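The values are calculated or read from the model by the stated rules, or taken from the named source; none is laboratory data. Predicted model, so just to flag it, every value in this text is computed and none were measured. In case anyone asks, the SASA skips ligands and DNA or RNA and just uses the protein heavy atoms, side chains included. Shrake-Rupley method; radii C 1.70, N 1.55, O 1.52, S 1.80 Å.
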Amino acid sequence: MSVHKSETLPDVTYWLALEIAKVDPVVDLDVMYKGSLELDFIYQLLTTKAQQHWWQHHGVQLSPVIVNNAFFRAIAMLHNRSVEFNRSRNLDETVWVRELLHLE
């Protein structure tokens, strides 16, 4: 199976983002984004898991550069999504939804 690196990076990034989101207990993205022992542990665990997954399921040996880039893109993507979610929680556009759902 021939896969171009430019096609693989988004797929690996998405896969890693899903895996990071499934980590139990839930990771603190703010702490991880700044760097932590937790980040180091999850990096080692999930990058190895990604390489094994791609080899077993797709017959593709991922380069360390692709896996590294995908991991940190996934962390940045999830962190930015979390920041945007937290910002939007108290905007006027969302207050009416919370009132409607009686969450206030």
Reported to the nearest 10 Å², SER82 has, with a 1.4 Å probe, an accessible area equal to 40 Å²
If the chain between ASN68 and TRP55 were fully extended at 0.36 nm per residue, the gain over the current Cα-Cα distance would be 3.1 nm
Contour minus Cα-Cα span, VAL26 to ALA76, at 0.36 nm per residue, comes to 16.4 nm
